[in-house]
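**Q** Pasting a structure here, questions to come.
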Amino acid sequence: MPDGEWVKVDSSDVHSYYSHGSTIISGKLIRFRIGSSLKTIRH
């Protein structure tokens, strides 16, 4: 397999890894905001 093909696979893997991680981080931030807003409403 030529080096060019490996580079394509690596770049796509890195892109999917970063997009997956960003969605997890944004999901945690949304949950944290919802939880904090619920706490303030309860008080």
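For (1) of a type in the set (Val, Ile, Thr); (2) modelled with pLDDT of 75 or more, each residue gets a yes or a no:
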position	(1), (2)
LYS8	no, no
HIS20	no, yes
ILE30	yes, yes
ARG33	no, yes
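**Q** Also, I was wondering about something else. Just to be sure before I move on: is ASP3 modelled with pLDDT under 75 and surrounded by 10 or more Cβ atoms within 10 Å (Cβ to Cβ) in the structure I sent?
**A** No: the conditions fail for ASP3.
The values are calculated or read from the model by the stated rules, or taken from the named source; none is laboratory data. Because the structure is a prediction, the values reported are computed rather than measured. All Cβ positions, glycine included, derive from the backbone under ideal geometry; neighbour counts span all protein chains shown.
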